[in-house]
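Report on the structure given below.
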Amino acid sequence: MTDDALRRSAGDADPGTAGVSGHREVDEALLDDPARIDAADPGFMLRAIASGGPQIREAMALASEADLASLGDEGRPRSVVVAGVGTAARTGDILATAAGPRCPVPVVAHRSAGIPGWVGAADMVLAVSASGRSPEALAAAEAAARRGARLVAIGAPESELAALAERARAPFIPVPRRAPARASLWALAVPVLLAGRALGLVRMAEADLVEAATRLDDDAERCKINNDAFTNPAKSLALDLAGSLPVIWGSTPLAAVAAGRFAEMLAANARYPSVSDSLLEAGRGSVGLLDGVFGALAESERDIFADEPETPQGGRLRLVILRDDGFESGTPAEDSDSDEPPAVESRRAEAVQQLAERRGVRCTVLRAEGASPLERLASLTAVPDFASVYLALAHGFDPMAVPAVSEMKDFVTP
Ligand SMILES: O=P(O)(O)OC[C@H]1O[C@H](O)[C@H](O)[C@@H](O)[C@@H]1O
């Protein structure tokens, strides 16, 4: 489409605003007023995000009805490809991390249409789509069936994906529709993890799932709208980030998955740009951001005698470190999601905190809690999920409606 055509099809939206509402300054007072929060969230995104615990329990029941356990009967596949986009693709990262570095077969999160060229009859494809109609997941399921690969489909009941699975005689795990897809992370991730467990790639007890669900319930309770910013960790994280350029680094592979999820939620809900990575990668490159225009230089120009900066944090980094130091700092080696000793990862997290401190770059640290990797992942996603929504609301954005995403779909759908 040419620029002119793009402009024409944008209708009569004002240039520069495209009918988008919201305000650049955060409305801090809104976060202390439950009635205003409610009114600012007409699509009930907070409620949707709070359903993580129930999603896990429901997914466990639905997966047991679908008899996923029998997947292991045909033996271990040569590889597992998790195909989908957006939140569906994130479940592939979760499976790969849960399977860990000692996993005997490759686990690949495939984020484009179809499946890799090397996939054949010896491989297994998990096609994941919350709506059950994303072209990428449908193309993956179709290609898997055509090439004779083993297929499991996970998505909305009575969807195109469900029909495709039925035609291919492949197991289908229904995921009750809960728009938007990003509010369905746990409903999608649990069947993927249970498939991995049935194939012998993931060690995960029922109790781990139950405890992760309880953790999400507890965090939803701490993050509920009636708790003010002093007691609500999500509101206080949202205020930490307000007006900043967030840089989110995860101390371990598991924490890096949570970092990626946070960046995705900040973009979709709060419409904030951010950088996210594992600290291992960041330490070799993007840690340099701390020295840059938005890092040390922005901080050295700050007037430390001013009562209130005119634009708080404008154009300045805010570091968020997601730390997973393992269960009581002593994760048994066989449970570790990383190839590195936990001490090395902890040292890296301490180091980057010191680097930030020396440069005056503000830093928020979130620590994983819980015994199992799944529970610790849940503990690193719940508060950030809520924070992204509170930040959206404080800027006057409806976190449910993202005009740019809808317009993109309209432009590219033939
Ligand atoms: O899970 P699906 O229904 O296939 O949707 C996949 C993705 O589609 C769109 O890109 C949405 O903006 C994403 O939030 C969603 O995760």
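The values are calculated or read from the model by the stated rules, or taken from the named source; none is laboratory data. None of the values given here were measured: they were computed from a predicted structure. Neighbour counts run over all protein chains shown; Cβ positions are idealised from the backbone, glycine included.
Tell me which residues, restricted to region 212-235, are closer than 19 Å to A371 by Cα and without any contact (Cβ under 8 Å) to a residue 40 or more places away in the chain.
Within region 212-235, D218 is the sole residue that qualifies.
Quickly run through region 122-137 and pick out the residues that are closer than 19 Å to G200 by Cα and either without any contact (Cβ under 8 Å) to a residue 24 or more places away in the chain or away from the ligand (no atom under 13 Å from the Cβ) (or both).
A122, D123, M124, V125
Sort out which residues of region 381-414 are more than 12 Å from the ligand (Cβ to nearest atom), among the aliphatic types (A, V, I, L, M) and farther than 14 Å from I49 by Cβ, and write them in order of number.
A394
What are the pairs with Cβ atoms under 6 angstrom where one residue, in region 169-183, is without any contact (Cβ under 8 Å) to a residue 60 or more places away in the chain and the other, located anywhere, is within 9 Å of the ligand (Cβ to nearest atom)? Sequence gap at least six, or different chains.
R177/A156
Among the numbered criteria (1) more than 11 Å from the ligand (Cβ to nearest atom); (2) in contact (Cβ under 8 Å) with a residue 60 or more places away in the chain, which one does A162 miss?
(2)
What single numbered condition from (1) part of a strand (DSSP E or B); (2) free of Cβ contacts under 8 Å to residues at least 60 places away in the same chain fails to hold for A140?
Result: A140 fails condition (1) only.
Only residues in region 86-105 that are away from the ligand (no atom under 16 Å from the Cβ) count as the first member; pair them with residues that are modelled with pLDDT of 95 or more and among the basic types (K, R), Cβ under 7 angstrom, at least 6 apart or cross-chain, and list the lot.
Within 7 Å, the pairs are V105/R78.
Can you tell me which residues in region 170-216 are within 13 Å of the ligand (Cβ to nearest atom) and among the aliphatic types (A, V, I, L, M)?
Correct list: V175, A179, A181, A183, L185, A187, L188, A189, V192.
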